[in-house]
Amino acid sequence: MRNPNHNRIISYIAIVFEIFIAGISIVLFGTERLNIMFYLGTTIAFSGIVYGIFKVRCPYCKKRLHLKGIVHDKYCQYCGKEI
Ligand SMILES: [Zn+2]
């Protein structure tokens with residue numbers, strides 16, 4: 001079972017990666033016509049958000065933990081067990 005703190009970081013990496021891909025896409029191709037890189041990046045970002053929603057959960061009580069910030073949670077805010 002993966003640590004929910006690690007899953008939160010993976011989710012953030014996907015979102016940052018999307019911004020990076022979209023930025024390269026705009027630099028290379030401009031903003032007049034959106035291209036495949038932009039759509040690919042957007043898909044990756046949404047995947048990261050969905051991944052975060054489904055995977056950043058307490059391993060004991062399965063309740064969803066927050067997605068704000070990169071500070072790791074030491075304890076579950078619902079059941080109080082150590083993560
Ligand atoms: Zn819990």
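Please treat every number below as a calculation from the coordinates, not as lab data. Remember, predicted model here, so these are calculated numbers, not experimental data. All Cβ positions, even for glycine, are placed from backbone atoms using ideal geometry, and neighbour counts span all protein chains on display.
Some values worked out for this structure:
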read-out: Filtered residues of the stretch 27-39 (kept if part of a helix (DSSP H, G or I) and surrounded by 14 or more Cβ atoms within 10 Å (Cβ to Cβ)); value: 29, 37, 38
read-out: Filter result (touching a Phe, Trp or Tyr at 6+ places or on another chain (Cβ under 6 Å) and over 25 Å from residue 70 (Cβ atoms)) within the stretch 1-48; value: 25, 35
read-out: Among the residues listed as 51, 39, 12, 78, the single one being on the phi < 0 side of the Ramachandran plot, within 16 Å of the ligand (Cβ to nearest atom) and not charged (D, E, K, R); value: 78
read-out: Pair list, Cβ < 8 Å and 6+ apart or interchain, from the stretch 36-59 residues that are free of Cβ contacts under 8 Å to residues at least 24 places away in the same chain to residues that are assigned to a helix (DSSP H, G or I) and aromatic (Phe, Trp, Tyr); value: 37/29
